[in-house]
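Notes follow the structure.
The values are calculated or read from the model by the stated rules, or taken from the named source; none is laboratory data. Note that the structure is predicted; figures quoted are calculated from it, not measured. All Cβ positions, glycine included, derive from the backbone under ideal geometry; neighbour counts span all protein chains shown.
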Amino acid sequence: MHQSPTSRRARLLQGVIHLASLAPLAATIWAGLHGDLTANPIQAIIQRAGRYALILLTASLACAPLSSIFELRVAIRWRRPLGLYAFMYAALHFGVFVAVDYGFDLVLLREAIFEKRFALVGFAAGLVLLALAITSTRGWARRLGRRWEQLHRLVYVAGLLAVIHYAWAVKADIRQPLAWGAVIVLLLILRLPPVRH
Amino acid sequence: MKIKSSEITPEWLYLSRRKFIKGVAAATTGALIASGCAAPTGPGPATPEPAAARASDTPIVPPAAESAATATPQAVPPADAAPTAGASTDELGDKLTSHEAITTYNNYYEFTMNKEAVAFVAKDFRTRPWTVAVGGLVHKPKTFDIEELLRKYPQEERIYRLRCVEAWSMVIPWLGFPLGSLLREVEPMSQARYVRFETVLDPREMGGQRDSWVDWPYVEGLRLDEAMHDLTILATGLYGKLLLPQNGAPLRLVAPWKYGFKSIKGIVKIDLVAEQPTSLWMATAPEEYGFYANVNPAVAHPRWSQATERRIGELSRRKTLPFNGYAGQVAGLYAGLDLRQDY
């Protein structure tokens with residue numbers, strides 16, 4: 001079958017997106033195997049995974065404006081894989097916390113998650129991402145119709161919850177979380193109809 | 001009988017402590033008389049304990065243990081010497097944290113907020129010459145040279161647990177001397193109720209201090225009876241040799257029953273004061289950090305639980321002990337204090 005140069009370029013870019021999204025995982029595994037994850041490797045993995053989740057989620061949110069406003073049409077095809085990779089890192093973030101850090105101790109986990117707002121907002125962000133990941137298939141999109149779009153707008157809520165989670169986790173200096181929050185808000189503004197047109 | 005490593009003390013030091021305790025007893029009695037034995041009002045310091053209670057709280061070497069005492073080296077080996085320790089566990093049987101972890105995983109915001117980077121960023125920090133000005137409400141204010149402190153006070157090993165407010169912990173074989181010895185030398189006045197400590201302010205050498213999100217320098221404080229407690233030391237070394245910059249060289253406080261941030265590093269100033277000092281963290285985040293900062297699994301940090309901790313080098317969490325496992329020695333200091341209120 002004939003392939004146009006644009007679609008070959010698109011495929012190449014798609015490959016770069018997958019590689020770039022998986023590279024942090026590979027780097028973390030590599031660092032872990034070489035004892036390079038600080039004296040506190042569990043926390044290092046949790047924090048790294050959380051950071052990658054936020055980065056990829058933000059990248060996913062940038063796809064629509066890139067595509068529509070900056071006319072990089074192909075970018076819209078990166079939105080779903082980036083979102084799913086963000087969910088993968090979020091799941092790793094949460095999974096290591098539950099399984100390794102707390103060893104599935106439900107009593108301690110209940111206290112750690114539900115009695116502290118910082119963990120609770122992170123948990124909420126994770127639930128939103130879970131719902132979006134499950135319904136990210138074409139089948140679900142068809143079944144939900146217009147509702148699918150409405151549902152997937154919740155990704156901005158997940159992003160902002162993640163930023164709040166991050167801001168409440170740091171000891172005092174919240175400049176980094178604020179910067180992420182500003183970027184997400186900006187990306188949200190770019191989606192508003194008056195800006196978009 | 002199992003002898004706690006922290007109890008292995010040279011005989012002369014043991015004797016000097018006994019003398020010191022008598023001295024403190026006399027001083028507190030004096031203070032009690034001076035203050036008319038009035039119970040303090042509000043959240044101020046509790047009335048100093050009677051001398052008898054203090055003596056029993058202080059871990060005194062039982063006579064039988066004296067023979068087991070090891071000689072304290074007179075000159076502490078330099079920071080680049082091989083790490084050594086007098087025991088492989090603390091008194092609870094918990095293994096020492098590795099020298100590698102202790103010297104590469106540090107909270108020292110004066111240099112950087114990245115724990116793993118502190119060792120590198122601080123590696124050229126100059127710790128000589130160094131002086132510590134001890135003053136305030138004392139009869140004999142004096143500025144000590146660090147070399148003088150190292151010569152004058154025998155450096156003894158204290159194996160203590162360190163519990164960070166961020167819910168990780170280590171077991172560290174410190175070298176140092178009781179803060180009380182130094183304070184006794186400058187003769188606190190009877191009005192002195194608290195001790196205020198200050199870290200060096202040197203933004204040229206400490207990059208983190210060029211960042212103005214908090215009011216440098218770092219300030220910490222202890223109540224005078226906490227400062228005089230035998231567990232409270234000024235550390236000059238760890239693992240048998242002088243401190244590295246990332247661990248607070250050349251002189252840092254260690255109060256093992258309090259969260260790690262109380263153990264102020266790079267001390268240049270110690271003042272005896274009448275009013276409760278405001279620490280850097282109290283000023284920066286007053287709703288999160290109180291003056292006492294005693295390790296307490298029952299009082300959560302406003303944002304996270306303090307019920308458990310991760311011991312560096314271990315996989316899963318362990319339960320946090322009240323007063324970091326030193327309740328037997330220090331709980332008496334806080335009789336009558338609501339630890340939920342005075343966290």
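Can you tell me how many residues in region B:269-308 are acidic (Asp, Glu) and modelled with pLDDT of 95 or more? Here the count works out to 2.
Counting the residues of region B:95-113 that are facing chain A (nearest Cβ under 10 Å) and not small (Gly, Ala, Ser) gives 10. Taken across region A:83-99, residues that are of a type outside the set (S, T, N, Q), crowded, with 18+ Cβ neighbours inside 10 Å, within 14 Å of chain B (Cβ to nearest Cβ) and assigned to a loop (DSSP other than H, G, I, E, B) do not occur at all. Within region A:46-58, the set of residues being surrounded by fewer than 22 Cβ atoms within 10 Å (Cβ to Cβ), under 18 Å from A:LEU186 (Cα atoms) and among the hydrophobic types (A, V, I, L, M, F, W, C) comprises A:ILE55 only.
Out of all the residues in region B:273-292, is one or more of a type outside the set (A, V, I, L, M), in a loop (DSSP other than H, G, I, E, B) and farther than 16 Å from B:GLY221 by Cα? Looking through region B:273-292, at least one residue is of a type outside the set (A, V, I, L, M), in a loop (DSSP other than H, G, I, E, B) and farther than 16 Å from B:GLY221 by Cα. Scanning region B:301-343 for residues that are more than 14 Å from every other protein chain (Cβ to nearest Cβ) and not in a loop (DSSP other than H, G, I, E, B) yields B:PRO322, B:PHE323, B:ASN324, B:GLY325, B:ALA327, B:GLY328, B:GLN329, B:VAL330, B:ALA331, B:GLY332, B:LEU333, B:TYR334. The criterion of being assigned to a helix (DSSP H, G or I), within 13 Å of chain B (Cβ to nearest Cβ), in contact with a helix residue (DSSP H, G or I) (Cβ under 7 Å, 6 or more places away or on another chain) and basic (Lys, Arg) holds for A:ARG48.
Within region A:103-147, the set of residues being part of a helix (DSSP H, G or I), touching a residue at least 12 places away in the same chain (Cβ under 8 Å) and more than 14 Å from chain B (Cβ to nearest Cβ) comprises A:ALA124, A:ALA125, A:GLY126, A:VAL128, A:LEU129, A:LEU130, A:ALA131, A:LEU132, A:ALA133. Looking only at residues of region B:233-258 that are in a loop (DSSP other than H, G, I, E, B) and in contact with a Ser or Thr (Cβ under 7 Å, 6 or more places away or on another chain), we find that the one that is surrounded by the fewest Cβ atoms within 10 Å (Cβ to Cβ) is B:GLY240.
Beta carbons closer than 9 Å, at least 6 apart along the sequence or on distinct chains, pair a first residue in region A:163-192 that is touching a residue at least 60 places away in the same chain (Cβ under 8 Å) with a second that is of a type in the set (Lys, Arg) for A:TYR166/A:ARG51; A:LEU190/A:ARG196; A:ARG191/A:ARG153.
Taken over region B:174-221, the criterion of being of a type in the set (A, V, I, L, M) and under 20 Å from B:LEU251 (Cα atoms) is satisfied by B:LEU175, B:LEU179, B:LEU182, B:LEU183, B:VAL186, B:VAL195, B:VAL200, B:LEU201, B:MET206, B:VAL219. Are any of the residues in region A:35-42 away from chain B (no Cβ under 14 Å), part of a helix (DSSP H, G or I) and modelled with pLDDT of 90 or more? Among the residues of region A:35-42, not one is away from chain B (no Cβ under 14 Å), part of a helix (DSSP H, G or I) and modelled with pLDDT of 90 or more, which makes the answer no. Against the criterion of being of a type outside the set (S, T, N, Q), over 20 Å from B:VAL132 (Cα atoms) and under 14 Å from the mean Cα position of the chain (by Cα), B:LEU182 does not qualify. Please indicate, with yes or no, whether at least one residue in region B:79-98 is in contact (Cβ under 8 Å) with a residue 24 or more places away in the chain, part of a strand (DSSP E or B), of a type in the set (A, V, I, L, M) and surrounded by 15 or more Cβ atoms within 10 Å (Cβ to Cβ). No, region B:79-98 has no match at all.
Annotation: of all residues in region B:199-211 being touching a Phe, Trp or Tyr at 6+ places or on another chain (Cβ under 7 Å) and outside any helix (DSSP H, G or I), the one that is nearest to B:LEU224 (Cα to Cα) is B:THR199. Inspect region B:117-126 for any residue being touching a residue at least 60 places away in the same chain (Cβ under 8 Å), more than 14 Å from every other protein chain (Cβ to nearest Cβ), surrounded by 21 or more Cβ atoms within 10 Å (Cβ to Cβ) and under 30 Å from B:GLU314 (Cα atoms) and give the result as yes or no. Within region B:117-126, one or more residues are touching a residue at least 60 places away in the same chain (Cβ under 8 Å), more than 14 Å from every other protein chain (Cβ to nearest Cβ), surrounded by 21 or more Cβ atoms within 10 Å (Cβ to Cβ) and under 30 Å from B:GLU314 (Cα atoms). Do we have any residue at all in region B:262-285 that's within 14 Å of chain A (Cβ to nearest Cβ), touching a Lys or Arg at 6+ places or on another chain (Cβ under 6 Å), of a type in the set (Phe, Trp, Tyr) and over 20 Å from B:GLU157 (Cα atoms)? No - not one qualifying residue is present in region B:262-285. Among the residues of region B:134-157, none qualifies, meaning not one is within 14 Å of another protein chain (Cβ to nearest Cβ) and of a type outside the set (S, T, N, Q). Among the residues in region A:68-77, are any at pLDDT below 90, surrounded by 15 or more Cβ atoms within 10 Å (Cβ to Cβ) and of a type in the set (S, T, N, Q)? Yes, region A:68-77 contains a residue that is at pLDDT below 90, surrounded by 15 or more Cβ atoms within 10 Å (Cβ to Cβ) and of a type in the set (S, T, N, Q).
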